[in-house]
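Asks: Could you have a look at this structure, given as structure tokens, before my questions?
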Amino acid sequence: MLIQMKAMRNKKLSNEEIEFLLAKGDDYVLYRYFMFNSLPERLHLALMNRDECVINTYIRYRPLSQEAEMELFTERKSLVKNYLQNHCPSVAVQKELLKPENQESLEEFIKIYDLDDKLVTEFFKTAPDPIVIEYVKEHDFSFEALSELLNRSSLLALFHAEEFILDEESEVLFIKKASPEQIDKYAEGVEILSSAGEIALINTGYVEIIAKYIRLHNLGDYHEHKDNPQEMALLHLGNKELLLIYVKWHKPCKNFVIELLRSGDKDVIMELLSVQEIPEEAHLMLFDLGREFVECYIAHSSLGEEAERKMVKSYPDEVLKPYIEKYWLSDEAEAELIRKGDVELIKFYIDNNHFCVNAQELLVKTLNKELITYYDKRQGFADNVWKVIGQVFFLNNL
């Protein structure tokens with residue numbers, strides 16, 4: 001009785017008094033005592049012999065030793081939920097929870113806590129699908145654990161944007177392991193795949209899934225970059241259907257274009273040239289492919305300086321006139337046009353555009369009075385060109 005009175009008044013008790021109180025003390029006395037005091041760990045197992053209300057009072061304020069936790073989670077399972085509301089059990093106890101007979105306690109645990117990293121892989125190996133699904137929706141885990149999870153074909157359908165979005169490394173692993181249907185669902189759900197994920201998708205060779213993806217997404221980084229590994233992977237896959245889709249809807253990187261023009265399918269090249277601008281470095285390559293490829297491209301885009309000069313030098317009027325009507329030739333191309341000496345074509349150009357100063361001076365130096373007069377009437381020479389006109393005509397006594 002004296003011991004219980006001391007406990008009620010929160011007086012300090014000796015170890016022997018605590019043992020006596022734990023063995024024979026009233027529930028209410030223990031309740032009052034446990035509000036302010038903890039038990040020595042060696043007495044925690046003895047606590048498991050008391051009524052639930054006493055144990056609940058203690059675990060509300062204090063965690064248990066590993067041995068007592070083990071007893072509680074395996075033998076006093078009705079107390080598990082209350083314990084978890086206040087304390088995360090030890091790794092040893094978590095490992096015990098992975099056993100089939102402790103599934104109910106495990107379910108309560110994962111509602112609140114992450115499993116220790118060392119146990120997640122084992123959990124993914126052995127736990128039933130419904131518990132694993134709940135866990136992956138709410139908890140983070142290592143790539144090693146994910147690798148084990150992705151070995152469970154029954155769970156691969158879980159991985160789509162509505163449920164669980166993967167990081168880049170995990171995404172690649174998933175695409176390698178999943179079925180076409182599962183990959184398709186995942187690709188539809190995410191906003192866009194990672195860079196490595198796009199390459200992994202292309203490497204599957206699943207044409208229908210890739211086609212659906214590239215109709216909606218440009219592969220890789222912004223297309224002005226010189227190189228784009230995802231686009232190059234698509235090119236090297238060599239599927240004509242996919243390449244036709246891609247070049248129709250997206251502007252490929254420079255290396256893609258150059259390699260395609262050098263050795264690609266002619267139909268894909270023609271599709272590219274009909275709808276996309278290509279880097280200036282690739283313009284001269286069009287002439288190696290043939291006139292029809294040049295004409296296809298210049299129907300909507302102008303050429304760079306060197307390519308224009310080559311076109312003016314080697315192509316006939318029926319190609320040049322439509323181009324001249326739409327575009328202003330570069331300085332070098334204008335000079336080439338004058339050197340070519342096609343009077344009617346030069347007049348046609350003058351009707352549509354004026355020459356740069358250097359080209360005006362070159363025109364004057366041809367001494368072609370017809371063209372000089374025609375240009376003066378149609379466009380008018382620049383002020384500083386008149387000095388050249390005077391010098392040329394004086395020297396030639398014209």
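The values are calculated or read from the model by the stated rules, or taken from the named source; none is laboratory data. Everything numeric in this text was worked out from a predicted model, so none of it was measured. Neighbour counts are summed over all protein chains in view; Cβ atoms, including those assigned to glycine, are modelled from backbone coordinates with ideal geometry.
Asks: For segment 298-321, give me each residue that is outside any loop (DSSP other than H, G, I, E, B) and over 21 Å from PHE348 (Cβ atoms).
Replies: Restricting attention to segment 298-321, the residues satisfying the condition of being outside any loop (DSSP other than H, G, I, E, B) are 298, 305-314, 317-321.
Within segment 298-321, just GLU306 meets the criteria.
Asks: Which members of segment 70-123 meet the condition of being small (Gly, Ala, Ser) and under 18 Å from TYR58 (Cα atoms)? Please lay out each step first, then the result.
Replies: If we filter segment 70-123 for residues that are small (Gly, Ala, Ser), which is where we start, we get 78, 90, 92, 105.
Those that are small (Gly, Ala, Ser) and under 18 Å from TYR58 (Cα atoms): SER78, SER90.
Asks: I'd like the residue in segment 259-300 that is out of contact with any helix residue (DSSP H, G or I) (no Cβ under 8 Å at 6 or more places or on another chain) and among the small types (Gly, Ala, Ser) and, out of all such residues, is surrounded by the most Cβ atoms within 10 Å (Cβ to Cβ).
Replies: So, considering only residues that are out of contact with any helix residue (DSSP H, G or I) (no Cβ under 8 Å at 6 or more places or on another chain) and among the small types (Gly, Ala, Ser), the one surrounded by the most Cβ atoms within 10 Å (Cβ to Cβ) is GLY290.
Asks: State whether the residues of segment 308-329 include one that is over 52 Å from the mean Cα position of the chain (by Cα), surrounded by 15 or more Cβ atoms within 10 Å (Cβ to Cβ) and of a type in the set (D, E, K, R). Please lay out each step first, then the result.
Replies: Start the filter on segment 308-329 by keeping residues that are over 52 Å from the mean Cα position of the chain (by Cα), which leaves none.
No, segment 308-329 contains no residue that is over 52 Å from the mean Cα position of the chain (by Cα), surrounded by 15 or more Cβ atoms within 10 Å (Cβ to Cβ) and of a type in the set (D, E, K, R).
Asks: Provide a single number: the residues in segment 142-156 that are within 20 Å of GLY189 (Cβ to Cβ) and outside any helix (DSSP H, G or I).
Replies: First, pick out the residues of segment 142-156 that are within 20 Å of GLY189 (Cβ to Cβ): 146, 149-150, 152-156.
Those still in the list that are outside any helix (DSSP H, G or I) too: 150, 152.
Qualifying residue count for the region: 2.
Asks: Please pick out the residue among ALA92, ALA68, ALA127 that is small (Gly, Ala, Ser), assigned by TED's automatic domain parsing to the domain that holds SER170 and either more than 27 Å from ARG32 (Cβ to Cβ) or without any contact (Cβ under 8 Å) to a residue 40 or more places away in the chain (or both).
Replies: Values: ALA92 fails: assigned by TED's automatic domain parsing to the domain that holds SER170; ALA68 fails: assigned by TED's automatic domain parsing to the domain that holds SER170.
Going through ALA92, ALA68, ALA127 in turn, just one is small (Gly, Ala, Ser), assigned by TED's automatic domain parsing to the domain that holds SER170 and either more than 27 Å from ARG32 (Cβ to Cβ) or without any contact (Cβ under 8 Å) to a residue 40 or more places away in the chain (or both): ALA127.
Asks: Restricting to segment 227-246, give me the number of residues that are under 20 Å from the mean Cα position of the chain (by Cα) and closer than 13 Å to VAL275 by Cβ.
Replies: Matching residues across segment 227-246 total 1.
Asks: Moving on to the next point. Taking LEU173 and the conditions (1) of a type in the set (A, V, I, L, M, F, W, C); (2) part of a loop (DSSP other than H, G, I, E, B); (3) in contact with a helix residue (DSSP H, G or I) (Cβ under 8 Å, 6 or more places away or on another chain), which numbered condition does it fall short on, given that it satisfies the others?
Replies: Condition not satisfied by LEU173: (2).
Asks: Could you say whether any residue in segment 341-359 is modelled with pLDDT under 95 and in contact with a Ser or Thr (Cβ under 8 Å, 6 or more places away or on another chain)?
Replies: So far as segment 341-359 goes, yes, one or more of its residues are modelled with pLDDT under 95 and in contact with a Ser or Thr (Cβ under 8 Å, 6 or more places away or on another chain).
Asks: What are the pairs, 6+ residues apart or on separate chains, where a residue within segment 269-292 that is touching a residue at least 40 places away in the same chain (Cβ under 8 Å) has its Cβ under 8 Å from a residue that is aromatic (Phe, Trp, Tyr)?
Replies: That search, which allows pairs on different chains as well, returns nothing.
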